[in-house]
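Colleague: Pasting in a structure now, in structure tokens, and then I'll have a few things to ask.
What follows draws every value from the coordinates through simple rules; no lab data is involved. On a predicted model such as this, the values are computed, not experimentally measured, just so you know. Glycine gets a Cβ as well: all are built from the backbone with ideal geometry, and neighbour counts include every protein chain shown.
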């Protein structure tokens, strides 16, 4: 009986026109958000409100569709909570921005933690992995900064931090995916 060894090496091409285009759009959106932080804050808060409205509608529809799969009352309460939260944010986007500040701080912090972890995994695959590491560390710092800032600074802070985060995300995407062939061995 013979044993055949398989080469467990995959070849990937990192980089494409789409990744470059997405990186450039991300950088431009970051610059716009930094230049107009109030509008970026209101836009992100309104987007967040719409997501909650759609999630509420979907949850209510799910409650009516799944009568035999548990208590319909709890599903309806959850759907109405989403729906009313979204409507509140849409009616009062500045007050919604204060609540959104907490959620955004947590999100940026967790995104930064994930990017730092991914950067260390990418250090053997790309010579530009340091940009991803810097972006992740900035995300961690900004997440902590958002948590510790006063609610009065939420209106300009969210837009500015979103802009800076988008800018650095675009930079690492642009530099990391430089079109080089990378060999991954398992």
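Colleague: Whole number please: convex hull volume per residue, Cα atoms of segment 30-117, in Å³.
Modeller: Cα convex hull per residue, to the nearest whole number: 117 Å³.
Colleague: Now a separate question. What is segment 56-101 by shape, rounded, prolate or oblate, if you read a ≥ b ≥ c off the alpha carbon gyration tensor as root eigenvalues and call it rounded for a/c under 1.5, prolate for a/b larger than b/c, and oblate otherwise? Write out the running numbers ahead of the final one.
Modeller: Working: a/c = 4.32, a/b = 3.24, b/c = 1.33.
Note, shape of segment 56-101 comes out prolate.
Colleague: Run through all the Cα pairs of segment 14-185 and give the fraction in each 5 Å bin from 0, expressed as whole percent.
Modeller: Histogramming segment 14-185 at 5 Å steps yields 2, 9, 13, 15, 15, 13, 11, 9, 8, 4, 1 percent.
Colleague: May I pose another question? Please rank 20, 45, 101, fewest neighbouring Cβ atoms within 10 Å first, as an exposure proxy. Spell out each step's value before the answer.
Modeller: On the way: 20 15, 45 26, 101 23.
Ascending Cβ contact count within 10 Å gives the list 20, 101, 45.
Colleague: Given a Förster distance of 41 Å, report the FRET efficiency between residue 72 and residue 125 from their Cβ-Cβ distance, rounded to the nearest 0.05. Intermediate values should be presented prior to the final figure.
Modeller: On the way: r = 50 Å, r/R0 = 1.21.
Calculated value: 0.25.
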